[in-house]
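The structure appears right after this line, and notes come after that.
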Amino acid sequence: MDKILLEVIQPTQTEISLECDHVIVPGVDGDFGVDFNHTSFVTLIRPGILRVYQGENLVEYAIHEGFVTVEDNKIVIICETIESVKNLDVARAKSAKERAEKRLKSSSEKIDYRRAEASLKRAIARLAICK
Amino acid sequence: MANIKEIKTRIESVINTRQITNAMKMVSASKLRKAQKNIVQARPYANRLNEMIEMIKLKNTTTTHPLLAEVKKSGEEVVVVVTSDRGLCGAFNAHIIRTTNEYLTEHPHAKLICVGKKGCDYFKNHSDKIIGKYVDFFNEMNFGVSKEIASKVTELYLNEKYSKIVVIYNEFKSIIQQNIIAKQILPIIPQKSKNLSLIDFIYEPNEDIIIENLGKKYVNVSIWRILLESSAAEQGARMTAMESATENATELIHTLKLTYNRARQAAITKEIIEIASGANAIK
């Protein structure tokens, strides 16, 4: 089967570039899969799990926010942070989740709800791939 | 003739100073390497965003999104002044401050956002102009700070009466040369990229949301690049300044040593004359 090329570009780290058969991306309007000959397409990413299938092999990344463009069998993901299961700090993600939940439950006016919500979503995405 | 002991102490203190300036030079050199590495790493990300913005702009010439608007709306400007946190880097900060002052004379109503301690200290007396301060982060550069600055300027631009955001910073040209650049970051003017492919994309959820997010990310990465450039330029300037300081110290030590030897010889000669004339008197 023909391969598609996945590129992940980040501002502070070297880019990831790999060939794969099938990718599932968490888009703002829902997860979507990309196969060979997908139509040209731009969308935003919501915090979630990026699944990359290379034959039988599945690699998962926790991704937070960014863009994805699909053109000419090349998927380019532009994001600020992406973490593979290997580099993930489970304890930190757990404590971040607890902290965010606590913040969302309390009703003080000082709290930036959007930020707390975003960090909760990030923590959930991180924890999901650890299981 | 100066006191021999005085000269000796002076030589010792200059030697100490030379050691310090030399060490500072080494530290700057290693920090410079780090900054340069960061610049290289940020490049693909920035280029890709630039391409996308340019593509969207070329295709939607009618776009009215304020982040991309070419039409100037009326209003004041915001100047972001990027200086360093620490001194001892030659004319690095002085040049920036002079350019900013010139800019302020041309645009008397412009407001200031100071990045770096030196700029904050200088413009302390213009507190009515300062609307933002970011200090003490050049030691540990991270994307978070640039995001903070970027979201602040984007918010100022979108929600308030400011018409334009300009950043004045030192561009890293080479170790011995820094260029001062006043760059407009909002409204966004994408750079021309060479091989641009015009593909009809499907935008999801819709174009405006994509433009807005892309624009914000573009501002983020522009500021990040500027901070990296500025920090590389700062380290370069410090390196050059410290190198010439070390050279000057070496020269000074040389002259002081000459004076010291002359004084020592004079003292010896004087003593010999005294002894000789004493011996003569006894005869």
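The values are calculated or read from the model by the stated rules, or taken from the named source; none is laboratory data. None of the values given here were measured: they were computed from a predicted structure. Cβ: placed from backbone, ideal geometry, glycine included. Neighbour counts: every protein chain shown.
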**Study point:** Flag for residue B:202 being among the β-branched types (Val, Ile, Thr) and either touching a Ser or Thr at 6+ places or on another chain (Cβ under 6 Å) or touching a residue at least 40 places away in the same chain (Cβ under 8 Å) (or both)
**Key:** no
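Yes/no per residue for (1) more than 13 Å from residue B:218 (Cα to Cα); (2) of a type in the set (S, T, N, Q); (3) in contact with a strand residue (DSSP E or B) (Cβ under 8 Å, 6 or more places away or on another chain):
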residue: B:18; (1), (2), (3): yes, no, no
residue: B:25; (1), (2), (3): yes, no, no
residue: B:31; (1), (2), (3): yes, no, no
residue: B:34; (1), (2), (3): yes, no, no
residue: B:41; (1), (2), (3): yes, yes, no
residue: B:47; (1), (2), (3): no, yes, no
residue: B:51; (1), (2), (3): no, no, no
residue: B:55; (1), (2), (3): yes, no, no
residue: B:59; (1), (2), (3): yes, no, no
Practice item. Pick out, from the range B:140-248, the strands (runs of 3 or more DSSP E) lying fully within it that include 2 or more residues that are more than 14 Å from chain A (Cβ to nearest Cβ) and either touching a strand residue (DSSP E or B) at 6+ places or on another chain (Cβ under 6 Å) or buried (at least 23 other Cβ atoms within 10 Å of the Cβ) (or both). Key: B:162-174, B:177-186
Exercise for review: Determine whether the range B:272-282 contains at least one residue that is buried (at least 17 other Cβ atoms within 10 Å of the Cβ) and out of contact with any strand residue (DSSP E or B) (no Cβ under 9 Å at 6 or more places or on another chain).
Suggested key: no
Point to revise | the range A:1-31 - residue that is buried (at least 17 other Cβ atoms within 10 Å of the Cβ) and of a type in the set (A, V, I, L, M) and, of those, nearest to the other protein chains (Cβ to nearest Cβ) | key: A:9
Study note, to complete from the structure: Residue set A:43, A:39; condition buried (at least 20 other Cβ atoms within 10 Å of the Cβ) and not aromatic (Phe, Trp, Tyr); output residue A:43
Practice item. Answer with yes or no whether residue A:34 is within 14 Å of chain B (Cβ to nearest Cβ), of a type in the set (Val, Ile, Thr) and out of contact with any helix residue (DSSP H, G or I) (no Cβ under 7 Å at 6 or more places or on another chain). Key: yes
Practice item. With respect to residue B:88, determine if the residue is closer than 16 Å to residue B:170 by Cβ, among the aliphatic types (A, V, I, L, M), modelled with pLDDT of 85 or more and not in a helix (DSSP H, G or I). Key: yes
Exercise for review: Starting from the range B:214-242, take each residue that is within 23 Å of residue B:20 (Cβ to Cβ) and list its partners that are hydroxyl-bearing (Ser, Thr, Tyr) and part of a helix (DSSP H, G or I), counting only C-beta distances under 6 angstrom and pairs at least six apart or across chains.
Suggested key: B:235/B:28; B:238/B:28; B:239/B:28; B:242/B:21
Point to revise | All positions within the range A:41-52 that are without any contact (Cβ under 8 Å) to a residue 60 or more places away in the chain and closer than 18 Å to residue B:209 by Cβ | key: A:41, A:42, A:43, A:44, A:45
Point to revise | Among the residues listed as B:183, B:117, B:173, B:192, the single one being over 13 Å from the mean Cα position of the chain (by Cα) and closer than 29 Å to residue B:237 by Cβ | key: B:183
**Study point:** Conditions (1) modelled with pLDDT under 90; (2) basic (Lys, Arg); (3) in contact with a Ser or Thr (Cβ under 8 Å, 6 or more places away or on another chain); number of the one not met by residue B:18
**Key:** (1)
Exercise for review: Mind listing just one residue for me: the one in the range A:59-95 that is closer than 18 Å to residue A:17 by Cβ and away from every other protein chain (no Cβ under 14 Å) and, of those, surrounded by the most Cβ atoms within 10 Å (Cβ to Cβ)?
Suggested key: A:63
Review point. Within the range B:249-263, how many residues turn out to be in contact with a helix residue (DSSP H, G or I) (Cβ under 9 Å, 6 or more places away or on another chain) and closer than 25 Å to residue B:29 by Cβ?
Key: 4
Check your understanding: So is residue A:78 modelled with pLDDT of 85 or more, among the hydrophobic types (A, V, I, L, M, F, W, C) and more than 21 Å from residue A:3 (Cα to Cα) or not?
Key -> no
